[in-house]
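Just so it is clear, none of the values below were taken in a lab; they were calculated from the coordinates. Because the structure is a prediction, the values reported are computed rather than measured. Glycine gets a Cβ as well: all are built from the backbone with ideal geometry, and neighbour counts include every protein chain shown.
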Amino acid sequence: MVRAKVVIRNLTGLHLRPAGVLCNKAILYKSRIQFQTESTTANAKSVLSVLGACVKSGDEIEFICEGEDEQEALDSMIKVVSDGLGE
Amino acid sequence: MFKGTNASAGIGIGKAAVIKEVEMVIRPDKVASVETEVQRFRGALADTVAQTTVLRDDLATKVGEKEAEIMNGHLMLLADPMLTGEIEEAIKRDSICSEYAIETTCTTYADMFASMDDELMQQRATDMRDIKTRMQQVLQGIKPVDIASLPEGSVIVAKDLTPSMTAGINPANVTGIVTELGGKTSHSAILARALEIPAVVAVSNVLDHIKDGDSIVLDGSEGVVIVNPTDIETEVYAAKRNAFLQEKKELERYIGMPTMTKDGEHIELVANIGNPDDVAKVLQYDGEGVGLFRTEFLFMDRNSMPTEEEQFEAYKKVAVGLSGKPVIIRTLDIGGDKEIPYMGLAKDENPFLGYRAIRLCLDRKEDIYRPQLRALLRASHFGQIKIMIPMITCLEEIREAKALIEEIKGELDAEGIAYNKDIQVGIMVETAAASLMADVFAKEVDFFSIGTNDLTQYTMSVDRGNEKISYLYSTFNPAVLRSIRNIITCGREAGIMVGMCGEAASDPMMIPLLLAFGLNEFSMSASAILKSRKMITEYSREELQAVADKAMSFTTAKEVEDYMKEFINQ
């Protein structure tokens, strides 16, 4: 299991479009990919779960990946968030 | 005649096409084979995805990629393994039919979104209900209402339009939209405006009075719907429609023209924006810059203070987007009437007279004001940014804010960071105190911007949200007009620019008066710019003096309004 933190920089937080970009990236990996916020844990492969976490701009989240391609998955998640999730 | 909310401008004349969703009864029926039922659900899901994809592609080609985005959202939700997993789980656990499993699962999520403290998330509740209904319709073999094949000249009449219904609209055949529910910012209203179809929404109980095929006239500018109009009414509205279309064409001619009065005075015609993305609209309507950029959006809907870096990026984006045109950025104007948990603001007994705007910012320099001012100064290197301070009531506030700005300039110099050394600093004039002290304040700042919404509220001592006393809330009240005239005169005498960023700046009855008083800059919503430019170019300041003198001789708001109405209609 590997984990790493990243801060959400999108102005409106993780709303539908950026959440979709995040999930589309997550489903490319076999590993289980989750992220933790202060109050909850979300499944990065489910748009509903990501939206339900209600992540806002400036929030820090921690990705936790577990599985055969975990390091690759983690690096990819950190990169897609740092790149602004398509915005 | 029915009244509703004017959601999309223009006149629509045509035959009613009443859209009724088939009522579905969803019961927790037991199923014999759970396996077969899961297969049934999966089949319906696949069909729904296929339908939605068609709608998405239609919308993308007919309207635009941006408008198709909502259907992409639906596809994402339909593809969510958690949602489909839970529905299948419910079928298996309770041996119930797919319809009921969808009903309970989707409603749970819709309720979750509806209860979130975030407008964008609340809109997702509508999406959840929309995909729920579509999956159930597929299961029940109910054809979705076929809006795409409505005949030419149809006026859509419905309780509400779901995003998937609006997606099917063919603008060549639909001349108007009337709905019982919705508001100016609901999805159907936004799409109606994008398609330039006149629309009146929130018309209560209108479905009880309209039958399929009834003749309908609607005025999307005024929010009026007439069922089975007389010949005369139809004629009047047909003329109105032609006038509207002609005016629209005529206004497009004013794109690229200078805003100059007949006697050759150049007026700055600029826009109010609340978000860096609004710059596109400013340029579309040929705004000459931005007269008010509200920065509150940066602080709302989040759990922590925006960093200096984040603010810098947002301000820079606007400055760069306007490529050299001026932008007046207002520092944080927020108080106890807004819920911003991370700021730890106590509820104010009287939020509009309380701890807000510059009062709050000067009290919390380190965590709020300094980062914002630093971000503004740094961004000033990338365009023509001016800083505007809201809710000034006394001289000390101006001096303290300016001292802080000078202090930060010193820091930036020491750090070798570039900024515009001659950045202009101005104030909102929106309190009675600032108006009375305008001659003094004018010597301390680079510009004034009159905020008429608050100035009216504070001058008349009237809460603008209170319906019972709304009759007092008029910018045409002589007390408010005297105040405005005084502010402009004081600013001109001191040789500084005086602008206005309240709603009055685009009011056709107010523009002649403001020109006569000597206002230099008019800031308004981008869509009002061309109309205002046309008006301004038709007047000369000289000729308007007599009109202003006459208007100022009246002693009640009604007399002034009646006179100005008569003047602009002559």
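Here are some notes:
- Derived value for chain A: Kirkwood hydrodynamic radius 12.3 Å. Basis is the mean of 1/r over every pair of different alpha-carbon atoms.
- Tilt relative to chain B, helix B:395-415 - C-alpha long axis, 0 to 90 degrees, to 10: 80
- Size estimate for the protein assembly as shown follows the Kirkwood approach: the inverse of mean 1/r over distinct Cα pairs works out to 27.8 Å.
- When the P(r) is computed for the stretch B:34-139, the part past 23 Å accounts for 28% of the Cα-Cα pairs.
- Along the axis of the charge dipole computed for the stretch A:2-82 (Cβ charges of +1 for Lys and Arg, -1 for Asp and Glu, origin at the Cα centre), the listed residues A:T41, A:V80, A:S57 are led at the positive end by A:S57.
- Electrostatic dipole magnitude of the stretch B:361-493 [Cβ: Lys, Arg +1; Asp, Glu -1; Cα centre; debye, to 20]: 400
- For A:G13, residues with placed amide H under 5 Å, excluding near neighbours: A:S57
- Checked against a 21 Å cut-off, the cross-linked pairs B:K184/B:K325; B:K317/B:K386; B:K3/B:K248; A:K5/A:K45 give Cα-Cα distances beyond that limit for B:K184/B:K325; B:K3/B:K248.
- Taking a ≥ b ≥ c as the square roots of the eigenvalues of the Cα gyration tensor, the stretch B:181-294 is classed as oblate, since a/c reaches at least 1.5 and a/b does not exceed b/c.
- Net charge in the neighbourhood of B:L519 (other residues with Cβ under 11 Å of its Cβ; Lys, Arg +1, Asp, Glu -1) is 0.
- Our helix-only sum for chain B, with -39,500 (n - 2.57) per DSSP H run of n ≥ 4 divided by its residues, gives a mean residue ellipticity at 222 nm of -15000 deg cm²/dmol.
- Cα gyration tensor shape of chain B, rounded if a/c is under 1.5, else prolate or oblate by comparing a/b with b/c: oblate
- Between A:I27 and B:D117, the FRET efficiency estimated from the beta carbon spacing at R0 = 30 angstrom works out to 0.55.
- The stretch B:521-570 and the stretch B:30-91 have Cα centres lying 54 Å from one another.
- About the Cα centre, charge dipole magnitude for the stretch B:48-153 (Lys/Arg +1, Asp/Glu -1 at Cβ), debye: 300
- Inter-part distance where the stretch B:260-294 and the stretch B:344-368 are each reduced to a Cα centre, Å: 30
- About the Cα centre, charge dipole magnitude for chain B (Lys/Arg +1, Asp/Glu -1 at Cβ), debye: 540
- The residues neighbouring B:Y237, those whose beta-carbon lies less than 13 Å from its own, together hold a net charge of -3 under the Lys/Arg +1, Asp/Glu -1 convention.
- Farthest positive-ward along the stretch B:257-569 dipole, Cα basis, beta-carbon charges - from B:F476, B:M460, B:Y419: B:F476
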